[in-house]
1. Given the options GLY278, GLY289, name the one that is of a type in the set (Gly, Ala, Ser) and in a loop (DSSP other than H, G, I, E, B).
2. Looking at PRO226, PRO202, PRO175, which one is buried (at least 20 other Cβ atoms within 10 Å of the Cβ), of a type outside the set (A, V, I, L, M) and part of a loop (DSSP other than H, G, I, E, B)?
3. If you take the residues in the stretch 385-399 that are part of a helix (DSSP H, G or I) and among the polar types (S, T, N, Q), which one is surrounded by the most Cβ atoms within 10 Å (Cβ to Cβ)?
4. Does ALA161 qualify as being open to solvent by less than 10 Å² (accessible area, probe 1.4 Å), more than 18 Å from PRO30 (Cα to Cα) and in contact (Cβ under 8 Å) with a residue 12 or more places away in the chain?
5. Could you tell me which numbered condition THR336 fails, if it satisfies all but one of (1) under 20 Å from SER396 (Cα atoms); (2) open to solvent by 50 Å² or more (accessible area, probe 1.4 Å)?
6. Which of (1) under 30 Å from HIS324 (Cβ atoms); (2) charged (D, E, K, R); (3) modelled with pLDDT of 95 or more is the odd one out, the single condition ASP237 does not satisfy?
Amino acid sequence: MTVAVPSELVTLADVEAARQLLAGVTRLTPVEPCRPLTAKLGGPMWLKCENLQRAGSFKVRGAYVRLARLGAAERERGVVAASAGNHAQGVALAATLLGIASTVFMPVGAPLPKIAATKGYGAAVEFAGSTVDEALVAAHEFAERTGAVLIHPFDHPDVIAGQGTIGLELLEQVPEVKTVIAGVGGGGLISGLAVAIKALRPDVRVIGVQAADAAAFPPSLREGRPVRLGAFGTIADGIAVGRPGDLTFAHVGKLVDDIVTVSEEDISRALLMLLERGKMVVEPAGSVGVAALLAGVVQVETPAVAVLSGGNIDPMLMVRVIEHGLAAAGRYLTFTVRCGDRPGHLAKLLTSIAEQGANVVDVAHRRQDPRLQLGEVELGLSVETRGSEHSDRLISALRSAGYTVTFGI
């Protein structure tokens, strides 16, 4: 990737200085082996578990470095930030640790656990807009009105340097690493990683991953400048950013080897695998690196490390994502069947399903559809299966038994 870059990018010395500031503040998060991906890739695959970081994500690193370098007068005025949740919690925690008043603007509809956690860490929370970009506009206005210092979620050298400390750690933890892959929203994390890794190990490939429905970097890199998306949305709210930062765009263009995208289904499958096989609670934005590897949208050389950037997931979203992931993996099937509305017909259908080794989760009767014949009922079923092949066998068996099976209930 070749783009025009500012004369000054963040340096390895900046990242090393940030690490000194963070000593005793942030945790040295572990790297854990990922056996499913190791088997798939044919070589060692590791997970850098920033979902276990203080405040539940990597964001506290950059936030603390930025706030720790404020002057006395700036600290007195307080700070303001905009975030869907992780940067909010990072700023709130860092501000409290440093004795600074903080206000955070969050999009309307931000996950309730992230709102509660942000307040719990000591920040005053305000709501503005439906996206992080809109909340950021409100934060700018608040800063101008009150004099509070705006703590940008990604587009500041101190923030990038703080996030870059993850790169220093993982190079020490997995010194033989050949590929590092991480999620990308505004670009602060991938920029910091690339600064540290390319300075110390220029042979290591650094790959960023965006949600396909909120991918601002690919068109921006094609245009050679940051481009704002007209519309975007994804379950990965932590990386739902409509425009790259000017500074992060420059870092990505100079230092990052590739940017790829993943679908919502890919993200759901990754979350399910991490929970089921890795015993890891990870939010959608934190799982996109794993999603890219599972989906095969990028080829990597091993040993490789994927950064799990956060674990702050709304439990209600987790339920929906698990169901979606099961469906995407062919293990959760919904369909409709028409049969006679007479005693014994439902029992016969359920017996046929049981004989195929599937488990019925839910059954809904519908008799009011005008397309139904007199004495006929439509049954909406949700069924657990063991995978796509098992689902196919079940549907084939039902159709062979004379049932009309359709999908979508």
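The values are calculated or read from the model by the stated rules, or taken from the named source; none is laboratory data. Fair warning: this is a prediction, and the values are worked out from it, not measured in the lab. In this analysis, Cβ positions are derived from the backbone assuming ideal geometry, glycine residues included, and neighbour counts consider all displayed protein chains. Heavy atoms of the whole protein, side chains included, go into the accessibility calculation; ligands, DNA and RNA do not. Shrake-Rupley method; radii C 1.70, N 1.55, O 1.52, S 1.80 Å.
1. On the way: GLY289 fails: in a loop (DSSP other than H, G, I, E, B).
Testing whether each residue is of a type in the set (Gly, Ala, Ser) and in a loop (DSSP other than H, G, I, E, B) leaves just GLY278.
2. Values: PRO202 fails: buried (at least 20 other Cβ atoms within 10 Å of the Cβ); PRO175 fails: buried (at least 20 other Cβ atoms within 10 Å of the Cβ).
Testing whether each residue is buried (at least 20 other Cβ atoms within 10 Å of the Cβ), of a type outside the set (A, V, I, L, M) and part of a loop (DSSP other than H, G, I, E, B) leaves just PRO226.
3. Taking the stretch 385-399 as the starting set, the residues that turn out to be part of a helix (DSSP H, G or I) are 388-399.
Filter once more, so that each one left must be among the polar types (S, T, N, Q): 388, 391, 396.
Numbers: SER388: 13, SER391: 22, SER396: 12.
Restricting to residues being part of a helix (DSSP H, G or I) and among the polar types (S, T, N, Q), the top hit is SER391.
4. Values: open to solvent by less than 10 Å² (accessible area, probe 1.4 Å): yes; more than 18 Å from PRO30 (Cα to Cα): yes; in contact (Cβ under 8 Å) with a residue 12 or more places away in the chain: yes.
For ALA161, the condition - open to solvent by less than 10 Å² (accessible area, probe 1.4 Å), more than 18 Å from PRO30 (Cα to Cα) and in contact (Cβ under 8 Å) with a residue 12 or more places away in the chain - is met.
5. Looking at each condition in turn, THR336 falls short on (2).
6. For ASP237, the failing item is (3).
The rows are residues; the columns are (1) at pLDDT 95 or above; (2) closer than 25 Å to LEU229 by Cα; (3) among the aliphatic types (A, V, I, L, M).
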{"site": "LEU247", "(1), (2), (3)": "yes, yes, yes"}
{"site": "GLY253", "(1), (2), (3)": "yes, yes, no"}
{"site": "ASP258", "(1), (2), (3)": "yes, yes, no"}
{"site": "GLU264", "(1), (2), (3)": "no, yes, no"}
{"site": "LEU275", "(1), (2), (3)": "no, no, yes"}
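Residues checked against (1) in a loop (DSSP other than H, G, I, E, B); (2) under 16 Å from the mean Cα position of the chain (by Cα); (3) among the aliphatic types (A, V, I, L, M):
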| position | (1), (2), (3) |
| --- | --- |
| ALA39 | no, no, yes |
| LYS48 | no, yes, no |
| ALA63 | no, no, yes |
| ALA73 | no, no, yes |
| VAL80 | no, no, yes |
| ALA84 | yes, yes, yes |
| ALA88 | no, yes, yes |
